[in-house]
Protein chains: 2
Amino acid sequence: MEELETGVRGRTKQAILAAAAATLGKDRAATLADIAAAAEVGRSTVQRYFAEREDLINAVTLDSLRVLGLATEEADIGRGAPGEAMRRLVTAAVGVAERVLYLYGDPEVVASFGGTDAEDEGSIAVRGLITRGQADGTFDAEVDASWIETVLWSLVYSASDSVSRGHMPRHTATAMVIRTLEQGISGGSR
Amino acid sequence: MEELETGVRGRTKQAILAAAAATLGKDRAATLADIAAAAEVGRSTVQRYFAEREDLINAVTLDSLRVLGLATEEADIGRGAPGEAMRRLVTAAVGVAERVLYLYGDPEVVASFGGTDAEDEGSIAVRGLITRGQADGTFDAEVDASWIETVLWSLVYSASDSVSRGHMPRHTATAMVIRTLEQGISGGSR
DNA sequence: GAAAAATGAGTCATCCCTGACCCAAAAAAG
DNA sequence: CTTTTTTGGGTCAGGGATGACTCATTTTTC
């Protein structure tokens, strides 16, 4: 039963997963050696924790969904006005930019968790927020909820990319996403 | 001087480039064999036209920028009200969805043409449209023009992806991008 | 129809990544 | 301090893609 986090092993594993998410987020063709270097461990160690490359990919995906799910949970998007909840969600998501870059940087990854359990935790909540907002008129009810979700993650991804490249600080990126979600790119003349 | 399109060679080359853009847009790890199959030519032929894989990648990038540039040109975005011009641009861009998927599906590709000549043709025009719209109040002047450009391509990419996956018809996708650009995801209560 | 160009299948060497080891050194646990 | 665990470099075989090449066949061109 001690196959969970035994302190040392747990930390090493998390370091590998975090490094893998960051590295694969920037270059999906990254080699195991790249990931090991980013995690500051030996190649051997990576393969000791994840026998096959695909094991690592799966683990990174699940872990990234977990981290993003935690962030979503902290945003507590079931509470308050949909507009406010959406702002908290965006802030939380950009807060874990590296994971977002990994998850939404590869169409294959996104497609792979079509029916995963881990997806449900966060994604269901987000979908609930959107439909709730559409019902009370906060969000556009004349487009599919799935499109709104697509737009949300698309903008969060772009903002995360800007942050990760050092183009803008995190709070600026977050503000831009929120502003764009709320009024598009239209001028404030209205 | 006959190293341009000699009819047969030109058509084969274009077929390879188009197939490569479509294939690499869906799976950036696609092999030369995959691309050759998509283009309905032999592996040998691909390598005869492009000695090294990187030659092909470069050519596809330039060609995709060219095609997108042509579409942009047809949209004639220097004319008319910025709002209208933007609608024409989105329509034109989604019209060449495969190229958009290739160009904006890989961060590496986008990053590689930082100072390319081919970029200038279209990108300069787009940037011009944005600043023009910001100047006359059509577009939000309180955010960077580069962010608006990012949002534009980000949404066009998402829409192109939906079209390419058969989730929605092209005109619906186009309409959603335009609507989202103009009012974000906000409800129409205002 | 004959000459020239282009094509596609096939072969082969090479490179790079992966996966499976092994073992000495370092770190943690007792 | 001793034992146990973990680590990281190193080696090696296997697999897959690439690049270079040949040659018979098909297609264009004249």
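The values are calculated or read from the model by the stated rules, or taken from the named source; none is laboratory data. Note that the structure is predicted; figures quoted are calculated from it, not measured. We place every Cβ from the backbone using ideal geometry, glycine too, and count neighbours over all the protein chains shown.
Across region A:26-36, what is the number of residues that are more than 8 Å from DNA strand D (Cβ to nearest atom) and modelled with pLDDT of 95 or more?
So the count comes out to 6.
Looking at B:G184 and the list (1) closer than 29 Å to A:R165 by Cα; (2) small (G, A, S); (3) more than 8 Å from chain A (Cβ to nearest Cβ), which single condition is not satisfied?
(3)
Contact list please: Cβ distance under 7 Å, first residue in region A:173-190 and at positive phi, second residue of a type outside the set (D, E, K, R) and modelled with pLDDT of 95 or more, pairs at least six apart or on different chains.
From residues that are at positive phi, the pairs are A:G184/B:T180; A:G184/B:L181; A:G184/B:Q183; A:G184/B:G184.
Just one of (1) in contact with a helix residue (DSSP H, G or I) (Cβ under 6 Å, 6 or more places away or on another chain); (2) away from DNA strand D (no atom under 16 Å from the Cβ); (3) at pLDDT 95 or above trips up A:A39, so point out which.
Among (1) in contact with a helix residue (DSSP H, G or I) (Cβ under 6 Å, 6 or more places away or on another chain); (2) away from DNA strand D (no atom under 16 Å from the Cβ); (3) at pLDDT 95 or above, the lone unmet condition for A:A39 is (2).
Take the conditions within 16 Å of DNA strand D (Cβ to nearest atom), more than 30 Å from B:A135 (Cα to Cα), buried (at least 20 other Cβ atoms within 10 Å of the Cβ) and touching a residue at least 40 places away in the same chain (Cβ under 8 Å) and apply them to B:A20. Does it pass?
Here the answer is yes, as B:A20 does meet what is asked.
Residue pairs, Cβ under 7 Å, 6 or more apart or interchain, first in region A:43-57 and of a type in the set (A, V, I, L, M, F, W, C), second in a loop (DSSP other than H, G, I, E, B) and crowded, with 17+ Cβ neighbours inside 10 Å. List them.
These pairs meet every condition: A:L56/A:F50.
Check off (1) assigned to a loop (DSSP other than H, G, I, E, B); (2) under 16 Å from the mean Cα position of the chain (by Cα) for B:I57 and give me the number that stays unchecked.
(1)
Does B:R11 fit the bill of being among the basic types (K, R), free of Cβ contacts under 8 Å to residues at least 40 places away in the same chain, within 10 Å of DNA strand D (Cβ to nearest atom) and under 24 Å from B:A92 (Cα atoms)?
Answer is yes for this residue.
If you go through region A:20-36 one residue at a time, do you hit one that is out of contact with any Ser or Thr (no Cβ under 8 Å at 6 or more places or on another chain), basic (K, R) and closer than 23 Å to A:I124 by Cα?
no
So, B:R28, is that one exposed (fewer than 15 other Cβ atoms within 10 Å of the Cβ) and either touching a strand residue (DSSP E or B) at 6+ places or on another chain (Cβ under 6 Å) or more than 25 Å from B:T131 (Cα to Cα) (or both) or not?
In short, no.
In the set A:R99, A:R87, A:R79, which member is in a helix (DSSP H, G or I) and more than 13 Å from every other protein chain (Cβ to nearest Cβ)?
A:R99
Pick out the one residue from B:A51, B:A111, B:A30 that is closer than 19 Å to A:G105 by Cβ, over 11 Å from the mean Cα position of the chain (by Cα) and not in a helix (DSSP H, G or I).
B:A30
Being near DNA strand D (Cβ under 10 Å from one of its atoms) and surrounded by 16 or more Cβ atoms within 10 Å (Cβ to Cβ) is the filter; apply it to region B:46-69 and report the residue that is nearest to the other protein chains (Cβ to nearest Cβ).
Among those residues, the one meeting the criterion is B:I57.
Could you look through region A:134-153, keep only residues that are within 17 Å of the chain's Cα centre (by Cα) and facing another protein chain (nearest Cβ under 7 Å), and pick out the one that is surrounded by the fewest Cβ atoms within 10 Å (Cβ to Cβ)?
A:T150
From the list A:G83, A:G105, exactly one residue is modelled with pLDDT of 95 or more and not basic (K, R). Which is it?
A:G83
Tell me the residue from B:V100, B:V90, B:V96 that is buried (at least 18 other Cβ atoms within 10 Å of the Cβ), farther than 30 Å from A:A30 by Cα and within 20 Å of the chain's Cα centre (by Cα), please.
Every option except B:V90 fails the conditions.
If a residue has to be more than 9 Å from chain A (Cβ to nearest Cβ), buried (at least 20 other Cβ atoms within 10 Å of the Cβ) and either touching a Cys at 6+ places or on another chain (Cβ under 6 Å) or more than 15 Å from B:V110 (Cβ to Cβ) (or both) to count, how many in region B:154-171 make the cut?
Here the count works out to 1.
For region B:31-45, name all the residues that are among the polar types (S, T, N, Q) and surrounded by 14 or more Cβ atoms within 10 Å (Cβ to Cβ).
B:T45
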